[in-house]
Amino acid sequence: MKHSLAGRAWPNATAAVLALGFLFPVYWMFNTAFKPTRDIISEDPVWFPFHGTLEHFTTAVRAPNFWILAGNSVLVTVFAVGLSLVIALCGAFALTRMRFRGRKGILLTFMVAQMAPWEVMVISIYLIVRDADLLNSLLPLTCFYMLMVLPFTLLTLRGYVAAVPMELEESAMVDGCSRRQAFLKVVFPLLAPGLMATSLFGFITAWNEFPLVLVLNKEPATGTLPLWLSQFQTQFGDDWGATMAAASIFAVPILVLFLFLQRKAVGGLTSGAVKG
């Protein structure tokens, strides 16, 4: 019994140390956001701002075009993730349930696209968008963000679709459902964990993307919130209080979405669904 407890103690202690290491920057960001300026520039670190202030948050939300850029970020991210989920779900179902020539080549193409860094294609993307006269528009951002998250989304959903037994669809079709009805009424509800996991990844990717919007959308009112984060400077240098407050505001939607999906994305929905 003692050996068993000791064996569990080391992994738990290691996990706790790693968790603290990852959480500390987040804590320090929120901590700095609530500190008065005198505490931020103080040589002695203030670990807990007992006399916190909302001044930096006020400065952040009153920055030029904040609400416009926030709306742009939400619009582009939601449409990009939604489109990628629809396309990837159809593609994953076709690649898993159907047999056709070139199927492995398509999978290989998506794997290579997943490995390729998008930053190396920024110049090509810029030239395409410029020639199409779509600079400073949200449409190319939405399309390219969708393409960024599509390979991972398709490859992940393919695994979830493959985990759903075909016997469920066949039983539904025997009972009178068409293939489309069997997919919508039987398979689709069982894919909820996969859809939520991939939508979370897609949301984080599109929400945080910076280089592409920096190149394509230079007009102040056509950008997204990552550009807004880079503008908190004064004649004395960076305004760290406002910067940390802006970063906190920027991180809140991701934290809320993660907490929501963490409760909903429960695996094992297909366990025991097929009788032996």
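Observations
- Equivalent-ellipsoid semi-axes for segment 54-143 (Cα gyration tensor, √(5λ), whole Å, largest first): 36, 18, 13.
- A Förster radius of 45 Å, combined with the Cβ-Cβ distance separating HIS51 from LEU184, puts the computed FRET efficiency at roughly 0.20.
- Counting only DSSP H runs of at least 4 residues, each contributing -39500 (n - 2.57), and dividing by the residue count of the chain, the helix-based mean residue ellipticity at 222 nm comes to -22500 deg cm²/dmol.
- Of all accessible heavy-atom area on the chain, the percent that carbon and sulfur account for (1.4 Å): 69 percent
- Kirkwood-based shape ratio for the chain, expressed as Rg/Rh from alpha carbons: 1.06
- Estimated FRET transfer efficiency (SER137, LEU259; beta-carbon r; R0 45 Å; 0.05): 0.85
- Per-pair calculated FRET efficiency, R0 = 45 Å: ARG101 and THR58 via Cβ, rounded to 0.05: 0.15
- Within a straight-line Cα-Cα reach of under 17 Å, LYS185 can be paired with the following aspartates and glutamates, leaving aside sequence neighbours fewer than 8 residues apart in one chain: GLU167, GLU169, GLU170, ASP175.
- Listed residues ARG97, ARG158 arranged by accessible area, highest first, probe 1.4 Å: ARG158, ARG97
- In order along segment 83-92, phi translates into HN-Hα couplings of 5, 5, 5, 5, 5, 5, 5, 5, x, 5 Hz, rounded to whole numbers, per the Karplus curve 6.51 cos²θ - 1.76 cosθ + 1.60 with θ = phi - 60° and x for Gly and Pro.
- Solvent-accessible surface of segment 21-72, averaged per residue with a 1.4 angstrom probe and all protein chains in place: 69 square angstrom.
- Put a plus charge on the Cβ of each Lys and Arg, a minus charge on the Cβ of each Asp and Glu, and nothing anywhere else: the dipole of the chain about its Cα centre is then about 1280 debye.
- Extension gain, GLU219 back to GLN231 (0.36 nm per residue minus Cα-Cα distance, nm): 3.0 nm
- Among GLU170, GLU209, the sequence by solvent-accessible area, most first, with a 1.4 Å probe is GLU170, GLU209.
- Charge dipole of segment 144-209 (Cα centre as origin; +1 on each Lys and Arg Cβ, -1 on each Asp and Glu Cβ, all else neutral): 120 debye, rounded to the nearest 20.
- Lys/Arg +1, Asp/Glu -1 at C-beta; segment 6-110 dipole; positive extreme among TYR27, THR58, ALA16: ALA16
- Taken about its Cα centre, segment 16-155 carries a charge dipole of about 900 debye when Lys and Arg each add +1 at the Cβ and Asp and Glu each add -1 at the Cβ.
- At 0.890 mPa s and 25 °C, Stokes diffusion of segment 5-52 via Kirkwood alpha-carbon radius, µm² per second: 194 µm²/s
- Calculated from backbone phi, Karplus (6.51, -1.76, 1.60) coupling profile of segment 57-62 in Hz, x at Gly/Pro: 5, 4, 4, 5, 6, 8
The values are calculated or read from the model by the stated rules, or taken from the named source; none is laboratory data. The structure presented is a predicted model; accordingly, all values stated were derived computationally and were not measured. Cβ: placed from backbone, ideal geometry, glycine included. Neighbour counts: every protein chain shown. Note: accessible area is taken over every heavy atom of the protein model, side chains too, but ligands, DNA and RNA are not part of it. Shrake-Rupley method; radii C 1.70, N 1.55, O 1.52, S 1.80 Å.
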